[in-house]
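The structure appears right after this line, and notes come after that.
Any read-out appearing in this document is the output of simple, stated calculations on the displayed coordinates, not a laboratory observation. Note that the structure is a prediction, hence the values are computed from the model and not measured. Cβ sites come from the backbone with ideal geometry, for glycine too, and all protein chains shown count toward neighbours.
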Amino acid sequence: MDDDFETRRRLIGQRKSIDDSIRGWADVLALWRLCREAKCMRAHACCGEPRRCFRAHVPLLPESLQVWFDTISAAQQDGASFDEAIEDTLGTIAEDALQRWHIAIAMSDLAARSVTSEDTSNHV
Ligand SMILES: [Zn+2]
C-alpha cells in the first residue's frame, strides 16, 4: 500500500463524511420537498448527489429559512458541531422559521391527500 493510495483513501473518506453531513442538512431542511426526482420525493430524503441537490435547492427555500441557514453556518464556522449548531438555533427566530417550513410541508401533504381521497372515494 503506497502513500498515494493512503492519501486517496483518506480523501475519499473525508468527501464521504462531508456528503453525509450535507445530506443531514438537506434532510433537516426537507429539501426533498423541492426536488423533482421521484425517488427523493418517495423516500422523503435526498437520494441523489447531495452537493448538487443542496446547491440547487437551498436558494428555493423561503427567505426566513436563509436566516436558519446563516445561523447554522456561523456556528459551524465558530467550530461548533452540527448538533451544537442546531442547539444554537433553539428558541430563536431561526428555529421558528424551520418549524413553519415543516408545518407548511405537512399542510401541503395533508391538502394533497384530501384531494386524492375526494377523487377516489365518496366518504372522507
Ligand atoms: Zn433530490
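Only one entry in ARG9, ARG33, ARG52, ARG42 is among the basic types (Lys, Arg), assigned to a helix (DSSP H, G or I) and more than 16 Å from the ligand (Cβ to nearest atom), namely ARG9. Of all residues in region 15-36, those satisfying the criterion of being farther than 21 Å from ILE86 by Cα and either touching a residue at least 60 places away in the same chain (Cβ under 8 Å) or in contact with a helix residue (DSSP H, G or I) (Cβ under 8 Å, 6 or more places away or on another chain) (or both) are LEU34, CYS35.
Checking each residue in region 65-93 for being under 16 Å from ALA30 (Cβ atoms) and in contact with an Asp or Glu (Cβ under 8 Å, 6 or more places away or on another chain) picks out TRP68, ILE72, THR89.
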